[in-house]
Structure formats: structure tokens, C-alpha cells
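Structure, as C-alpha cells:
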Amino acid sequence: MNSSSKLLLFFFSIILFASCGNADDDVNYALNTGDGLGKGQPVDKCLDLGDNELVLSIQDQYTTAPGKVSIFFKVSNSEGSPVSGLTADQFTIYEQGRNDDCFNTISPSESQARISPNEQIFSSNTLLILDLSNSVLSESVDELKAASISFIDAVMPATSQESYKMAIYWFDGEDILHELTPLTSEKSDLTAAIETINKDISSDVSTDLYGAVIKATDKASDLLKDSTKGDKIGAASVVIFTDGTDQASRYAKDAAQKKVDTADPNISFFTIGLGSEIDTQVLSDLGKNSSEFAANKDELEDTFNRISEIVSERANSFYLFEYCSPKRGGDNNLAIQVKNGSLQGAVQTKFSAEGFTGGCE
């Protein structure tokens, strides 16, 4: 056998070996969801639930006497987009104890399964960053104010909740990220702050876009650290509006992009551009989660609304699912399946039922 034939046989053997590996290794769970299944794992094959089109990423879990199991997770589709608005009747619970060959379905009515308020363990902060340089103030300030108020109405809950807060900042050409209103859960305070914007708020004709991105990312990082103290789970969104490109040249584009790219994965970035002077590629890169562009000021409110829908869905894709377990001891496997239309997904974890006596408070 000549050397080229030996080489072909060698490569064929490698390919054959790889294709005949263990079936478990052939399953690809690396969906584009940012952090995969979180603290969870793929569901045991004995359940035969099918392929996951939805991904349940477990963020935290705990048990409470006399028998409550609490699982905090976020739901996204296979492309990583958040899935909000799910209700308890869309979830199915499966448990496997020490004497079970596979999982048993737990009745939703008997288990009192529910989606509970998550204020005690979850915090979502939004930073709205507005370009108030001279071009905006002279040409589209009224439209920007209306769009910002619409954004606030869409993102903030109808009744204030401590787990959902927003702060508003603005920038021009100065090396400052100006605070319009500090972090608050009060929608009325945010709206009142927007109403204070007038054409005299800034006299700087320049635009320090990259500086605003860098400073906003630092603020979001600090907020995330503060909001996740005491075992809380936190997420933050940075939404940046501008009608132009960086004119101040105080900071490099690469420095701003690196700041975004290396930020905590629980910080999302969105950009909104207005007019023909923006650089859509730059804004798309900085708004790595989503970007929207308005051709003129009349389209601004609709553009803000498209981003607000995504920000709101992301915050509302976190669920605290709780139920009363029938188990009374030992370590047990738990699988949770969710169905949303024709899509389904599931995740598996474990919990200890030591000390469980029945019922839930």
C-alpha cells in the first residue's frame, strides 16, 4: 500500500471512530442561549420529551419547609431570545425518587404549582442613555421626549415593584454622563424627569458617544454588583440613543466596543439611532443584543417601542416556579418541562426532601 493510500485510510478511520461514539456525546445542547442551562442539566432520556426548542436556564433553587421546592430560571428560545408571559399551567413537573426507575408526573393541582412573585431574589435595572447634543435639542427634542415616555410606560410595571428599576442619563460633548434621574421604581418620577428636558439643558454641539458607552457600562456593572448582594439574581439593560456619530474623539471606538464585549453577560446592550448621520454598523456592534434605526423623528417613538418590547420581554422571561413536593426524604431528581404553542423545552436538577412533612406555606 503506497503512502497516500495509508494516509487516506488513516483519515477514514478517524472519521469512523468519531461517528461511532457514545450516543450521549452526539447530543448537542450548546444552543445559542448565552449561558446554556445554567445550574441545570439535560433531561434524562427515559422521559423521551423530544428536542428542546425552548431552553430553561436555572439561575437558583432552594427548598422551604414543610415541603416547597422553588426553582428560579429564565426561558429563551433556541436563538437566545427571551420568552415572557408563561403561566403555571404551561409547566409539567416530573420527580424521580430513590426507588423510581424513571420520572413520575406530579399533578399540578395536588402540587399547587404556581409562578410566584420574584422580588425577593431578582432585580432588573434599566439605564436609558439619551444623546442631548445640540442637533437633538434643536431638531427632535419633542419627539425624543414622547418616545422616551413611551419607553418608560412599556418597560416599567404598571404598579411599582422594587425588583424593576430604571435610571436616566444624558450626554453631549462633555466628558460627563449627566444624571437626569437616579435609579427608581416609580414610573411617575421617570416621566417627570423626561418632561424637564428642554433646549437649554445643553449648549455643547459635540457628541461623546464612546465616552457615554464606557461610562454607562461602568454604571451598569456597579448596579449589577449592588443588586446581587445577599444571593440575589440580577440583570441590567443599557439602552443608548443617538442621532449621530462620536464627534468628541475623546475615547477610541475600540475601547468602547471592548467595554461592551467584556461586560458581565447579565448586562444587555441596545442602541437606537436617528437620522442619516449615524453609523449603523457601529451602533449595531455596540448594541450587541439589538439595534433599531429611525429614518426621521416621526419614526422615533415606534423605534423606541420596538426596543422596549425586547427589554421588557427579557426582564419578564425570569420565572420563580414553586410547587409542593410529595417526597418525604432523600435526594431526588426533578425535571421541569414547559410548552409554549408548538415549542417545548425541559431541564433537570436535584433537590433534597430531608425534613419534608407535607404542604406548603
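Put simply, of Ile71, Ile93 the only residue that is in contact with a helix residue (DSSP H, G or I) (Cβ under 7 Å, 6 or more places away or on another chain), on the phi < 0 side of the Ramachandran plot and crowded, with 20+ Cβ neighbours inside 10 Å is Ile93. Residues that are farther than 30 Å from Ser163 by Cα and more than 18 Å from the chain's Cα centre (by Cα) are absent from the range 301-311.
Across the range 31-68, the qualifying residues are those that are open to solvent by 40 Å² or more (accessible area, probe 1.4 Å) and assigned to a helix (DSSP H, G or I), and the one among them that is nearest to Asp101 (Cα to Cα) is Cys46.
Candidates are the residues of the range 153-169 that are modelled with pLDDT of 95 or more and more than 20 Å from Thr217 (Cα to Cα); the one that is surrounded by the most Cβ atoms within 10 Å (Cβ to Cβ) is Met156. Just one residue in the set Asp172, Asp261 is open to solvent by 40 Å² or more (accessible area, probe 1.4 Å), charged (D, E, K, R) and out of contact with any Phe, Trp or Tyr (no Cβ under 7 Å at 6 or more places or on another chain); that residue is Asp261.
Evaluation of Tyr319 against the conditions (1) farther than 20 Å from Leu128 by Cβ; (2) part of a loop (DSSP other than H, G, I, E, B) shows that the sole unmet condition is (2). Of the residues making up the range 93-111, not a single one is within 22 Å of Glu309 (Cβ to Cβ) and in contact (Cβ under 8 Å) with a residue 40 or more places away in the chain. Residues of the range 286-294 include at least one that is touching a helix residue (DSSP H, G or I) at 6+ places or on another chain (Cβ under 9 Å), open to solvent by 20 Å² or more (accessible area, probe 1.4 Å), among the hydrophobic types (A, V, I, L, M, F, W, C) and in contact (Cβ under 8 Å) with a residue 12 or more places away in the chain.
Which residues, taken from the range 74-90, are closer than 18 Å to Ser312 by Cα, open to solvent by 30 Å² or more (accessible area, probe 1.4 Å) and not in a loop (DSSP other than H, G, I, E, B)?
To start, the set of residues in the range 74-90 that are closer than 18 Å to Ser312 by Cα comprises 74-77, 79-87.
Subset that is open to solvent by 30 Å² or more (accessible area, probe 1.4 Å): 74, 77, 79-82, 84-85, 87.
If the condition is that a residue be closer than 18 Å to Ser312 by Cα, open to solvent by 30 Å² or more (accessible area, probe 1.4 Å) and not in a loop (DSSP other than H, G, I, E, B), then Lys74, Asn77, Pro82 are the ones that fit.
Residues considered: Lys215, Lys225, Lys229. Of these, the only one that is loosely packed, with under 13 Cβ neighbours inside 10 Å and in a helix (DSSP H, G or I) is Lys225.
The values are calculated or read from the model by the stated rules, or taken from the named source; none is laboratory data. Model, not experiment: these values are computed from the prediction. Glycine also receives a Cβ, built like all others from the backbone with ideal geometry; neighbour counts cover every protein chain displayed. Surface accessibility is based on the protein's heavy atoms, side chains included, excluding ligands, DNA and RNA. Shrake-Rupley method; radii C 1.70, N 1.55, O 1.52, S 1.80 Å.
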